[in-house]
Amino acid sequence: MASTSKANATDWAGMRMCPLFRHIGDEAVQRLAEKCRVSMVERGQVIFTQGDPADAFFVVLEGWVKLYRVTPGGAEAVVTVLTRGESFAEPVMFLGGRYPVIAEAASSGRLLRVEHAAFVQCLERESDLAVAMLASIGKRAGELTQQIGALKLLDAPRRVGEFFLRLLADSSQNGRIELPYEKVLIAARLGMTPESFSRALVALTKVGVTTKREIVSIADVQMLRDFVGLEARRYASTSQ
């Protein structure tokens, strides 16, 4: 990776957003943070590759990270895209395995690297951290199940609509979303080609969804929920 440093006040706040560290004491988090380093990454920089020894996990402090595998045909299969306050690779690191995916910076940013030895020391002292880790793994498994369900059950416009509803659930602006990363990556994340993604955006105009560059406007959120289906309505209801 590029240059490293100790965590600053902004980094500390991003670390506290991570579900793994949200419910344990400040002193415990501080002890762990002192043993970790913050790395600057640039867009396109590989953080680790598939098959590397899993000797650490990471917390995104700033920017976006994509996790993907390369198919036998050489194409990228995007598993997920992560942002500030989200962690990745903790289960496989804890089990002492090898990374099953490639991690690459989707934008410039900052990452907290948590080494195995430092984490185990903290885990032995803080019982709440073990519970938080199990909850984090469960949450990730649930998200993956939802993604697989969407790929199998929803056509391209509904997959894109569900993605927009997920973003809207995390947005404070009613009916307006700024796309968090480039459309090509969103298309890959949703299991479609860029051309299919573009056609899906055109189809969504019929239910009041318009896109201008990186800004998505949803004229009638309920109409989009009805169009996508029950599961998306249930998920997006958290935004009400």
Label points 7 Å out from Cα along the Cβ direction at Thr71 and Ala169: separation in nm?
2.7
Between the DSSP loop rule and a limit of at most 15 other Cβ atoms within 10 Å, which trypsin sites (Lys or Arg not before Pro) in the stretch 2-58 are left?
Lys6, Arg22, Lys35, Arg43
Longer than 22 Å from Cα to Cα, which of Lys183/Lys206; Lys6/Lys183; Lys6/Lys66 are they? Say none if no pair is.
Lys6/Lys183; Lys6/Lys66
Per the rule of 0.36 nm per residue minus the C-alpha distance, extending Arg213 to Glu27 adds in nm 62.6 nm
Out of the stretch 33-77, which chymotrypsin sites (Phe, Trp or Tyr not before Pro) are coil in DSSP terms and have no more than 11 other C-beta atoms within 10 Å?
none
Calculate the tail of P(r) for the stretch 1-127: the fraction of all Cα-Cα distances greater than 19 Å, expressed in %.
46
Amide H to amide H under 5 Å from Thr80: which residues, 5+ apart in sequence or cross-chain, H placed 1.01 Å off N in plane?
Leu67
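Every number in this text was worked out from the coordinates using simple rules, so none of it is lab data. Quantities reported herein were computed from a predicted structural model and do not represent experimental measurements. Neighbour counts are summed over all protein chains in view; Cβ atoms, including those assigned to glycine, are modelled from backbone coordinates with ideal geometry.
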